[in-house]
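Colleague: Before anything else, here's the structure in question.
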């Protein structure tokens, strides 16, 4: 997570005034789009989780943080043992599922938050987490130095920073609180809330060379794996146009196939980021407002 080029006004960064309970709602543009992309998004979410795990096994990422449901701990522990990975518990909470499905289903259960990695990297990550050392946590997760510094500075200015917006500000100068982005699809992290992301962290800006290099190394792992076909679905989605906006603690994400609303850092003024994609799905809605298109150009 990135270095700030400028600080927002105090009235816009105050995030402890109020906070909505966790929620997520999706509205599909058509039944046809839902029938095609709901099962695909579930596959994409599974691929994103597996890829991060495989990157830790391969040593590309030193460690990772993950919520583990109590009923899945035994199986997760067995898989980690096969790869000589350790699970270090950090906290246990009764909460809604952190693994939000594409339907927005969030069952309540008991979850363990844990550091996972080889013995030493996992211990270093757990130690940084216990000390709430944000930069150290980022570095122990394998984030580039520039992104780790950004993450630390963001949390220094706010207890709950809106990193997606701050990274956009570091990439392009906003016009009337709107940032227009043309960036590599590998750095598209606006699908993170749906569990669909190639990059395991939010970059300091959407042209970060170090983050792009890491993303491409991760893509190489996926393309050589047994889930390469499902990974191609993730690559397709990351090439679509997306509009992300936030106001009064609610984030809205408009994609070609659905609209999603969920929690965000409260802000007094509306913030909008438009990610201009390279392709558009056949099932995408027609429209004249961004991110929709009048003429459908099926993704390659």
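The numbers here are math on the coordinates, done by the rules we state, and not lab data. All values reported here derive from a predicted model rather than from experimental measurement. Note: ideal-geometry Cβ built from the backbone for every residue, glycine included; neighbour counts use all protein chains shown.
Colleague: Which one of these does residue 175 not meet: (1) free of Cβ contacts under 8 Å to residues at least 12 places away in the same chain; (2) crowded, with 20+ Cβ neighbours inside 10 Å?
Modeller: If we test residue 175 against (1) free of Cβ contacts under 8 Å to residues at least 12 places away in the same chain; (2) crowded, with 20+ Cβ neighbours inside 10 Å, just (2) comes out false.
Colleague: Could you tell me which residue of the range 215-250 is surrounded by the fewest Cβ atoms within 10 Å (Cβ to Cβ), considering only residues that are touching a residue at least 60 places away in the same chain (Cβ under 8 Å) and in a strand (DSSP E or B)?
Modeller: If we filter the range 215-250 for residues that are touching a residue at least 60 places away in the same chain (Cβ under 8 Å), which is where we start, we get 217-218, 221-222, 225, 227, 230-231, 233-234, 236-237, 239, 244, 246, 249-250.
Then drop every residue that is not in a strand (DSSP E or B), which leaves 244, 246, 250.
Details: 244: 25, 246: 23, 250: 16.
Among them, the one singled out is 250.
Colleague: Select the helices (runs of 4 or more DSSP H) contained entirely in the range 47-158, then report the ones holding at least 3 residues which are in contact (Cβ under 8 Å) with a residue 24 or more places away in the chain and over 29 Å from residue 231 (Cβ atoms). Full working, then the answer.
Modeller: Values: elements: 73-82, 119-130, 134-140, 145-157.
Of the helices (runs of 4 or more DSSP H) lying wholly inside the range 47-158, those with at least 3 residues that are in contact (Cβ under 8 Å) with a residue 24 or more places away in the chain and over 29 Å from residue 231 (Cβ atoms) span 119-130, 145-157.
Colleague: Any idea which of (1) more than 17 Å from residue 197 (Cα to Cα); (2) out of contact with any helix residue (DSSP H, G or I) (no Cβ under 9 Å at 6 or more places or on another chain) is the one residue 254 doesn't satisfy?
Modeller: Of the numbered conditions (1) more than 17 Å from residue 197 (Cα to Cα); (2) out of contact with any helix residue (DSSP H, G or I) (no Cβ under 9 Å at 6 or more places or on another chain), the odd one out for residue 254 is (1).
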